[in-house]
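Worksheet: the structure to be examined is printed underneath.
The values are calculated or read from the model by the stated rules, or taken from the named source; none is laboratory data. This one's a predicted model, so the numbers in the text were calculated from it and none came from an experiment. Virtual Cβ from ideal backbone geometry, glycine too; neighbours counted across all protein chains shown.
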Amino acid sequence: MSAPTLMLYGTHELSFDDKSRAVMPAQFRQKLKEECQGELVLTQSLFDPCLWLYPQTMWEQLLEDLNAISTLAHPAVLSMQRLLLSGAQSIKLDGQGRFAVSSELRDLAGMTEKKFFLLGFQHKFELWSGSALRERQQQDRERVSAALRGTEPNELFANLRI
């Protein structure tokens, strides 16, 4: 399978309707139609109180990569597969570009309000409640600031020109 070239970025405030559907921002609809015919997979994040929304092609690539790692040699991979797959749901954008999010996944991510944020994040989207996103962004700012100012040892940023 060739690696998909889709790169997602940007933050969008969305709202759920009465049927727990939201409208995918227009800038992504055509890209998703071309990349995966609007077929997506929604699952819980492994790290944060948010959801991950993968284009089907990227999801298949992730599963292929995970299946290439021995779960006997690396038991954490088995745990990762279990977490990602147990709550995963296939969804498809409808004719108006809407997608539905189950109450189970919304509860897992603490998305109790109608408004939420969709972040394009490289090859997937993240869905966040407003409060969880603000908290994560503050933590991210502090972590990046410490790394860039040298209060945390980090060679990754040594040659970065910001």
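Quick one: which residue in G95, G110, G150 is on the phi > 0 side of the Ramachandran plot and either loosely packed, with under 12 Cβ neighbours inside 10 Å or over 18 Å from the mean Cα position of the chain (by Cα) (or both)? Quick ask: steps written out before the conclusion?
On the way: G95 fails: on the phi > 0 side of the Ramachandran plot; G110 fails: either loosely packed, with under 12 Cβ neighbours inside 10 Å or over 18 Å from the mean Cα position of the chain (by Cα) (or both).
From the options G95, G110, G150, the qualifying one is G150.
So Q56 ticks every box in (1) of a type outside the set (K, R); (2) under 14 Å from L6 (Cβ atoms); (3) surrounded by fewer than 17 Cβ atoms within 10 Å (Cβ to Cβ); (4) touching a Leu at 6+ places or on another chain (Cβ under 8 Å) but one. Which box is left unticked?
So the condition that Q56 fails would be (3).
From L85, L63, grab the single residue that is without any contact (Cβ under 8 Å) to a residue 40 or more places away in the chain and within 16 Å of the chain's Cα centre (by Cα). Outline the logic, then answer.
Numbers: L85 fails: without any contact (Cβ under 8 Å) to a residue 40 or more places away in the chain.
Just a single option satisfies the conditions, and that option is L63.
Of S90, S102, which residue is of a type in the set (G, A, S), more than 13 Å from R21 (Cβ to Cβ) and at pLDDT 95 or above? Show your work before the answer.
Values: S102 fails: more than 13 Å from R21 (Cβ to Cβ).
Among S90, S102, only S90 is of a type in the set (G, A, S), more than 13 Å from R21 (Cβ to Cβ) and at pLDDT 95 or above.
Which one is modelled with the highest pLDDT, of the residues in segment 124-150 that are part of a helix (DSSP H, G or I) and among the acidic types (D, E)? Write out each step before concluding.
From segment 124-150, those part of a helix (DSSP H, G or I) are 130-149; that's our starting set.
Next, from what is left, pick out any that are among the acidic types (D, E): 135, 140, 142.
On the way: E135: 97, D140: 93, E142: 92.
Per the criteria, the residue is E135.
Looking only at segment 10-60, which residues are free of Cβ contacts under 8 Å to residues at least 60 places away in the same chain, more than 13 Å from the chain's Cα centre (by Cα) and part of a strand (DSSP E or B)?
Passing the criteria: only E39.
Just to be sure before I move on: is E113 at pLDDT 95 or above and acidic (D, E) in the structure I sent?
Yes: the conditions hold for E113.
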